[in-house]
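Visitor: My questions all concern the structure below.
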Amino acid sequence: MYTASTTKMSVRTITMAALLSAISYILAFLEFPVPLSPSFARMDFSDFPALIGAFAFGPIIGVLIELIKNALQLLSTSTGGIGELANFLMGASFVFTAGALYEQHKTKRMAWIAGITGSIAMGAVAAITNYFILLPLFEQFMPLEQLIASFGEFLPFIRTKLDVVLYNAFPFNLIKGLIISVVTMLVYKRLRSVLKGTV
């Protein structure tokens, strides 16, 4: 049975998800170079609003925010949607894993466990998507040997495509997830009441 409070909560959840999606979309344009990587390797912190949404409203909302962000990015894509697909898979794995764990036990300890586990999941999916999607995409613009060599200039032990994902894509996405998780831990308690309208 639906009640007025249930309807109000549903409308608020949708509204907050839309707001967080818009913030996520904007943050996607604020890219930073990845340390020890070629100039074309960039990262952003657009997964931060999605993680906030996943913690506040559940893992499905976090994934929805990732989906909306990447759908909006399709309007100005330069990769034919492949880059957006890869970004969605990485971000969704992060926020769904973390959100699902946190939803089970909403404690500070579990929030840390959720952030760490979600970061590992994102690192693993980043390795897979880079190996099978992003690196093959870049091969359209640069030969694979030259692509690998561009990473090898920073990390000499990178000599193969697998080395690129193991020593670059995985660790930096893992670190990215951990940074986002730490920031989320610092601000989530303050934002939760605002998002849920309990202030």
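Conditions (1) closer than 29 Å to residue 56 by Cα; (2) at pLDDT 95 or above; (3) out of contact with any Gly (no Cβ under 8 Å at 6 or more places or on another chain), marked per residue:
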residue: 95; (1), (2), (3): yes, yes, no
residue: 123; (1), (2), (3): yes, yes, no
residue: 126; (1), (2), (3): yes, yes, yes
residue: 144; (1), (2), (3): no, no, yes
residue: 154; (1), (2), (3): no, no, yes
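Visitor: Restricting region 132-161 to residues that are open to solvent by 100 Å² or more (accessible area, probe 1.4 Å) and assigned to a helix (DSSP H, G or I), which is nearest to residue 85 (Cα to Cα)?
Guide: This residue is 132.
Visitor: Give the residues of region 41-59 that are open to solvent by 10 Å² or more (accessible area, probe 1.4 Å) and either under 16 Å from residue 173 (Cβ atoms) or without any contact (Cβ under 8 Å) to a residue 12 or more places away in the chain (or both), sorted by residue number.
Guide: Correct list: 41, 42, 43, 44, 45, 48.
Visitor: Would you confirm whether any residue within region 2-10 is at positive phi, open to solvent by 70 Å² or more (accessible area, probe 1.4 Å) and either among the hydrophobic types (A, V, I, L, M, F, W, C) or within 15 Å of the chain's Cα centre (by Cα) (or both)? Let's see the steps before the verdict.
Guide: Of all residues in region 2-10, those at positive phi come to none.
Looking through region 2-10, none of the residues is at positive phi, open to solvent by 70 Å² or more (accessible area, probe 1.4 Å) and either among the hydrophobic types (A, V, I, L, M, F, W, C) or within 15 Å of the chain's Cα centre (by Cα) (or both).
Visitor: Search region 9-34 for residues that are farther than 10 Å from residue 46 by Cα and pair each with any residue that is aromatic (Phe, Trp, Tyr) when their beta-carbon atoms are under 6 Å apart and the residues are at least 6 apart or on different chains.
Guide: Hits for this filter: 13/57; 34/172.
Visitor: Still on this structure, I have one more. Here is a list: 191, 186, 174. Which entry is in contact (Cβ under 8 Å) with a residue 40 or more places away in the chain, closer than 25 Å to residue 48 by Cβ, open to solvent by 60 Å² or more (accessible area, probe 1.4 Å) and out of contact with any Pro (no Cβ under 6 Å at 6 or more places or on another chain)?
Guide: Values: 186 fails: in contact (Cβ under 8 Å) with a residue 40 or more places away in the chain; 174 fails: open to solvent by 60 Å² or more (accessible area, probe 1.4 Å).
Only one candidate passes the filter, namely 191.
Visitor: How do the pairs read when you match residues in region 61-89 that are closer than 15 Å to residue 18 by Cβ and small (Gly, Ala, Ser) with residues anywhere that are at pLDDT 95 or above and crowded, with 16+ Cβ neighbours inside 10 Å, using Cβ under 6 Å and keeping only pairs 6 or more apart or on different chains?
Guide: Once the first residue is closer than 15 Å to residue 18 by Cβ and small (Gly, Ala, Ser) and sits in region 61-89, its partners that are at pLDDT 95 or above and crowded, with 16+ Cβ neighbours inside 10 Å give 62/50; 62/53; 62/54; 62/95; 62/99.
Visitor: May I pose another question? Test of understanding: among 101, 85, 74, which residue is more than 14 Å from residue 177 (Cα to Cα), open to solvent by 40 Å² or more (accessible area, probe 1.4 Å) and touching an Asp or Glu at 6+ places or on another chain (Cβ under 6 Å)? Working first, answer last.
Guide: Working: 101 fails: touching an Asp or Glu at 6+ places or on another chain (Cβ under 6 Å); 85 fails: touching an Asp or Glu at 6+ places or on another chain (Cβ under 6 Å).
From the options 101, 85, 74, the qualifying one is 74.
The values are calculated or read from the model by the stated rules, or taken from the named source; none is laboratory data. Treat the numbers as computed from the prediction; the structure is a model and nothing was measured. Positions of Cβ are generated from backbone atoms using ideal geometry, with glycine treated the same way; all protein chains shown enter the neighbour counts. Side chains included, ligands, DNA and RNA excluded: accessible areas come from the protein's heavy atoms. Shrake-Rupley method; radii C 1.70, N 1.55, O 1.52, S 1.80 Å.
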